[in-house]
Structures are given as structure tokens and as C-alpha cells.
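Here is the structure we will look at.
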Amino acid sequence: MEIKVNNANEPIWGELAVKTKLPHNLEHLNDLAHNLYWTWNHDVREIFKSIDPTVWSLSRHNPQALLDVVEEERFEELSKDKTFCSTLDKVYKRFVDYINTPFRTDVPSIAYFSMEYGLTDHLKIYSGGLGVLAGDYLKEASDSRINMVAVGFLYRYGYFTQSLSVDGQQIANYEAQNFNKLCISQVKDEHDNAVVISVPFPNRMVYAHIWRTDVGRIPLYLLDTDIDINTEEDRTISHQLYGGDNENRLKQEIMLGIGGILTLQRLGVRQDVYHCNEGHAALINLQRLVDYVQNDKLNIYEALEMVRSSSLYTVHTPVPAGHDYFEEDLFNRYMHEYPSRLGITWNDLINMGRNNPDTHEKFSMSVFACNTSQCINGVSYLHGEVSKNMFANLWSGYFPEENHVSYVTNGVHLPSWTASEWKLLYEDTFTKEFYNDQSNLEIWKKIYNVPDEKIWHTRIVQKNKLIKYIKSQFEDNWLKTQQDPSKIVSILNNMNPNALIIGFGRRFATYKRAHLLFNDLERLDKIVNNPHYPVQFIFTGKAHPADGAGQGLIKHIIEVSRMPQFLG
């Protein structure tokens with residue numbers, strides 16, 4: 001028998017994940033770290049913080065990263081700490097009771113599809129308000145016991161990390177996510193093999209692994225094409241949020257829409273309502289049409305009625321540049337087989353994505369979503385009115401106010417966005433049941449029983465935290481860019497805790513009009529330098545790497561902020 005020895009020049013690579021083994025009575029920490037419930041529950045975060053406040057801060061409040069680096073001796077010490085163990089047991093019991101509370105049965109179940117989700121800054125799968133809204137939807141659905149599942153992407157690099165050059169030019173940095181440090185788990189079959197879905201592309205299949213993160217009661221399934229079985233080009237589909245050219249955008253939307261439906265089918269999930277968050281996910285309805293025609297033997301008109309009756313489309317963008325359009329040649333290259341599956345012509349399919357059928361217009365995902373959805377909503381009253389007019393051509397013979405575009409005003413998930421000091425004040429004043437009835441005016445009347453001084457003190461505490469954070473960011477940035485230290489000192493000294501602080505935190509696209517404040521610099525000078533009523537403005541946000549005009553706005557604001565009258 002010949003024994004073969006591996007050639008030392010040909011290493012065999014494999015993945016190895018090292019996890020901390022916790023003492024038996026602390027194992028509940030793993031369960032708490034693996035559910036994003038901690039992102040909006042102060043008691044859970046306090047548990048992790050108490051393990052090691054320094055490491056908690058260095059980990060940027062990431063429970064999984066914390067558990068991976070804290071020394072074993074510290075966990076042994078905590079396992080014998082009766083106070084810590086008792087607190088952990090109480091917090092864990094509340095978590096289990098929350099998770100095990102059944103979903104409501106008097107409302108429809110929902111499948112939700114979005115290109116991005118803003119859930120925590122550790123999970124870099126979001127870029128702006130659309131993603132933050134999607135993340136808050138999942139959290140609120142969990143708190144409201146709505147039976148919802150969601151589908152998105154697990155981006156290897158996510159959206160870019162922003163830095164600024166000395167002259168104020170935005171620099172986009174892409175940093176790979178370490179999946180082992182994230183609150184995610186790979187979906188596996190009964191044989192412990194990774195579940196793989198396959199999506200038809202021209203002359204090939206594109207494959208994706210499925211990852212899962214739990215948002216309280218709500219499962220979010222994330223697709224990952226960066227796997228060995230794919231070509232190098234196809235592996236990059238899930239590398240960056242809104243990255244690459246227009247063809248890569250189409251590939252992403254095919255994976256999200258068609259691949260998203262195939263994912264739920266592979267997992268045995270069937271919901272009552274299918275919610276498309278922006279046009280990126282519009283192709284969910286194309287795959288659903290195919291399923292009704294091929295599996296249920298419906299004709300295209302019957303299939304359309306079935307899909308429309310259970311589809312909801314939320315539109316976010318009030319300007320054409322915010323919607324996705326694809327040239328017919330490009331769209332045909334990827335979609336040419338679908339008309340035969342639906343029993344229609346190519347012209348029938350392409351017209352479903354055109355404002356004006358039988359023209360040479362590009363295919364619009366937003367128009368396709370409108371044509372295949374019974375319910376369409378903007379994200380505020382005014383935006384709903386704008387959207388009625390924007391899509392009016394789709395329903396010729398009707399006035400814009402007669403079409404079925406409506407609105408649902410954007411809200412936020414209150415527990416996620418409320419500082420711990422305010423939470424304590426609310427809970428002391430209203431009790432914790434307040435979160436289940438936040439719009440009840442009778443409950444809010446109790447706020448008049450709270451002394452003005454207590455409210456003002458709470459506000460000042462938050463304001464001082466903000467100022468401290470901003471100063472630390474300036475100091476860190478100075479160390480990286482080596483700017484003139486005298487200017488940094490001047491900025492830090494000029495930050496006035498007694499000034500009215502107004503924040504502008506938005507994505508830097510031109511239509512969001514970040515420049516309006518600077519149309520009259522003389523008047524602005526009088527406002528910010530008023531000796532009796534000083535005002536300070538704080539700007540934060542990113543421009544898309546391909547949006548030169550948006551990046552120009554950032555640079556202009558930096559330049560204005562460095563003028564002597566506005567410094568600091």
C-alpha cells in the first residue's frame with residue numbers, strides 16, 4: 001500500500017470558526033446575542049455591557065464580538081456572581097416569553113422584500129432611509145405579533161464606509177464584513193448541508209446560500225452569491241449594496257425578486273400578502289405569475305388577478321432618477337424565456353414595464369410593480385399625491401386623484417430610536433404597556449405630570465452626549481488626516497452646549513436640497529453668531545459613490561464650515 005503525502009506547495013484550505021464556550025449557567029447569553037431583539041431592549045444591552053464595559057465599547061456594542069473576545073476567566077467569575085446570574089435569568093425569561101407569544105391570526109401574513117435593511121450598524125446591509133424603514137417594519141411587526149418573513153441580501157462589503165479628504169472630497173472605502181462576528185446563521189438542510197437556491201440566468205444558473213437573522217419574532221433571510229460554485233463574476237452580485245453598473249443592478253434585482261420567491265418556496269413558506277419595498281424587488285411578481293401559470297394552470301389574466309390581489313408596492317422616490325430603468329436589449333438578454341412560460345409575447349411582457357406601451361421606452365421596475373400590485377403607497381400624504389401624478393399615465397381615462405395610489409406616513413420603531421434615559425422616563429410615567437398603544441392621546445396626557453425640570457434635564461444629558469461624540473469624531477479624524485491642529489482646537493472650543501443645535505442627517509442627493517441653508521451666507525452668519533440666541537447646525541450623510549453632484553454638496557458644506565465666520 002502506497003501512502004501519499006500532500007505536496008507542501010499545495011495547501012488545503014478550509015474554514016474554521018472559533019467560538020467561546022460559556023459556562024452552562026451563562027449559555028443564555030448566546031441566545032440573546034443571536035437575536036436582534038437586543039437592538040431595541042435596554043435590559044439586554046445592559047447585560048452585555050456589564051460583562052466588560054471596555055470591551056463592549058471597543059466592540060461598538062456588538063454582543064457577538066464581545067462574547068468572542070472576553071477572557072474565559074471573566075465568564076467563570078460571572079458564572080459565580082449571583083446578582084449577574086439572577087439578572088440574566090430574568091432578562092432571558094422575558095425574551096423567551098416574548099418570542100413564544102403567538103402571531104395574531106386576525107391579520108394577513110406578509111412576505112416582505114427589500115434591497116436593504118437598517119437593523120444595526122454592525123450588519124452593513126443598508127444605506128439610507130429606505131433600509132431604515134424596512135428594518136423598523138420588521139421590528140414593529142415583531143412587537144405587533146404580525147406573521148412576517150423578509151428577504152434581502154447579505155452583502156460581503158455592504159455599503160461603503162465614508163471618509164473625507166483634507167479638502168472635503170468624499171472617499172468611499174469598502175470593508176469586507178466578517179460573517180462570524182454577525183448575528184446571523186447559515187440555513188442548512190436536515191443533513192447539515194448549506195441550503196442552496198438556483199436562479200436561471202442566460203446560459204447558466206446562479207446559486208446562492210441563505211443566511212438567517214432573527215429580528216425578534218421575525219425571520220429575515222439573506223441571499224449570498226459569493227460562493228465557490230458560482231463564476232467569479234456572479235460571486236460579486238451580492239458584494240455591494242447598489243454597487244456596479246446597470247447590468248449588475250439588474251442581476252441583483254433578479255436575485256432578490258425571482259430568487260427571493262424561490263427562497264421562500266425552498267423553505268416551505270407561503271404568505272397571504274407580498275410586499276415589494278421599492279421597485280428593486282418588483283420581479284417577485286414575475287416569478288409569482290410564472291408559478292400560477294405553470295403550477296396552477298391559470299391563464300395570464302387569471303394569474304394577474306391572483307398576483308395583484310395579494311401584492312403591495314411601496315414607492316419611496318419622487319423623482320425619475322430614483323427609479324430603475326433597463327434598456328430593452330439588456331432586459332431581453334436576461335428575461336427572454338419568460339414570455340413562453342407565461343403564454344404571452346415579448347411585447348406583452350416589456351409593455352408591463354412601460355409608461356407608454358408599444359414605444360421604445362426602457363423597462364421600468366416601478367411601472368411593472370404598479371401594473372402587478374393592487375395596493376400602491378407613497379410614504380407621506382404629500383408624497384402620495386406626487387406619486388399619483390407620477391404614475392397617472394398608467395391609468396389613462398382617470399384623473400390622478402382617482403387612481404389607487406395612496407399613502408402610509410413613514411414612522412419609526414419607537415423603542416429602537418428612543419434613548420435609554422427617555423425610555424426610563426416614559427416607562428415611569430406611562431408604564432411599559434405604553435409601547436403597545438403609542439398613539440393613545442389619553443396616555444400622553446400623563447406627560448403633564450412630569451416636572452419641566454426633569455424633561456429639560458433629560459434633554460440636556462442627551463445634548464451633552466451628542467457634543468461629546470462629535471468632539472471625539474473630530475479628534476479621530478484629525479489623527480487620520482493630520483489637519484492644522486489649531487483649526488481643530490478652534491472648532492472644539494467653539495462648540496457651545498448652550499446653543500440651539502439643529503441636525504440635518506440625510507442621504508446627499510441633490511433633490512434633498514442640503515444646500516438651501518447656504519443661499520444667503522450673510523443671514524446665516526447673523527443666525528449662528530447671535531450672541532444671545534446662538535444656533536449650530538450639524539450635517540451628516542453620504543452621497544452615492546457615482547453621484548458627483550451629491551459629493552459636490554458635501555464638499556461645498558465643508559468649505560463653508562471652514563470660513564472664519566462659521567468655524568466651529
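The values are calculated or read from the model by the stated rules, or taken from the named source; none is laboratory data. Note that the structure is a prediction, hence the values are computed from the model and not measured. Cβ atoms come from the backbone with ideal geometry, glycine included; neighbour counts cover every protein chain shown.
Tabulated data for the structure shown
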| quantity | calculated |
| --- | --- |
| Candidate set: the stretch 193-230, residues that are assigned to a strand (DSSP E or B) and among the acidic types (Asp, Glu); chosen: the one surrounded by the most Cβ atoms within 10 Å (Cβ to Cβ) | Asp224 |
| Helices (runs of 4 or more DSSP H) (entirely within the stretch 303-419) containing at least 1 residues that are surrounded by fewer than 14 Cβ atoms within 10 Å (Cβ to Cβ) | 328-335, 338-342, 346-351, 381-390, 414-417 |
| Test: residue in the stretch 99-115 that is over 30 Å from Ser311 (Cβ atoms), part of a helix (DSSP H, G or I) and of a type outside the set (Gly, Ala, Ser) | yes |
| Criterion violated by Asp167 - all others in (1) closer than 30 Å to Leu262 by Cβ; (2) in a loop (DSSP other than H, G, I, E, B) satisfied | (1) |
| Among residues of the stretch 168-192, those that are exposed (fewer than 12 other Cβ atoms within 10 Å of the Cβ) and either of a type in the set (A, V, I, L, M, F, W, C) or under 30 Å from Thr540 (Cβ atoms) (or both), counted | 3 |
| Residue in the stretch 372-387 that is of a type outside the set (Ser, Thr, Tyr), at pLDDT below 95 and more than 26 Å from the chain's Cα centre (by Cα) present | no |
| Criterion violated by Ala176 - all others in (1) aliphatic (A, V, I, L, M); (2) out of contact with any Ser or Thr (no Cβ under 8 Å at 6 or more places or on another chain); (3) within 22 Å of Asn285 (Cα to Cα) satisfied | (3) |
| Candidate set: the stretch 210-247, residues that are free of Cβ contacts under 8 Å to residues at least 40 places away in the same chain and of a type in the set (D, E, K, R); chosen: the one nearest to Tyr117 (Cα to Cα) | Arg212 |
| Whichever residue in the stretch 143-160 is among the small types (Gly, Ala, Ser) and crowded, with 24+ Cβ neighbours inside 10 Å and, among such residues, is farthest from the chain's Cα centre (by Cα) | Ala150 |
| Which numbered condition Thr101 fails, given (1) under 17 Å from Lys139 (Cα atoms); (2) without any contact (Cβ under 8 Å) to a residue 60 or more places away in the chain | (2) |
| All positions within the stretch 53-73 that are in contact (Cβ under 8 Å) with a residue 12 or more places away in the chain, at negative phi and surrounded by 16 or more Cβ atoms within 10 Å (Cβ to Cβ) | Val55, Asn62, Pro63, Gln64, Ala65, Leu66, Leu67, Asp68, Val70 |
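For (1) assigned to a helix (DSSP H, G or I); (2) within 15 Å of Ile210 (Cα to Cα), each residue gets a yes or a no:
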site	(1), (2)
Gly243	no, no
Glu247	yes, no
Lys251	yes, no
Leu264	yes, yes
Gln271	no, no
His280	yes, no
Gln287	yes, no
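This table checks each residue for (1) under 26 Å from the mean Cα position of the chain (by Cα); (2) on the phi > 0 side of the Ramachandran plot.
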{"site": "Ser486", "(1), (2)": "no, no"}
{"site": "Ala499", "(1), (2)": "no, no"}
{"site": "Phe504", "(1), (2)": "yes, no"}
{"site": "Arg513", "(1), (2)": "yes, yes"}
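Residue-by-condition table, conditions (1) modelled with pLDDT of 90 or more; (2) out of contact with any Cys (no Cβ under 6 Å at 6 or more places or on another chain); (3) assigned by TED's automatic domain parsing to the domain that holds Pro357; (4) of a type outside the set (Gly, Ala, Ser):
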residue	(1), (2), (3), (4)
Ser396	no, yes, yes, no
Asn403	yes, yes, yes, yes
Leu424	yes, yes, no, yes
Thr431	no, yes, no, yes
Glu442	yes, yes, no, yes
Glu453	yes, yes, no, yes
Pro485	no, yes, no, yes
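Per-residue answers, yes or no, for (1) free of Cβ contacts under 8 Å to residues at least 24 places away in the same chain; (2) not in a loop (DSSP other than H, G, I, E, B):
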{"position": "Gly118", "(1), (2)": "yes, no"}
{"position": "His122", "(1), (2)": "no, no"}
{"position": "Ser127", "(1), (2)": "no, no"}
{"position": "Gly135", "(1), (2)": "no, yes"}
{"position": "Ile146", "(1), (2)": "no, no"}
{"position": "Val151", "(1), (2)": "no, yes"}
{"position": "Ile171", "(1), (2)": "yes, yes"}
{"position": "Gln177", "(1), (2)": "no, no"}
{"position": "His191", "(1), (2)": "yes, no"}
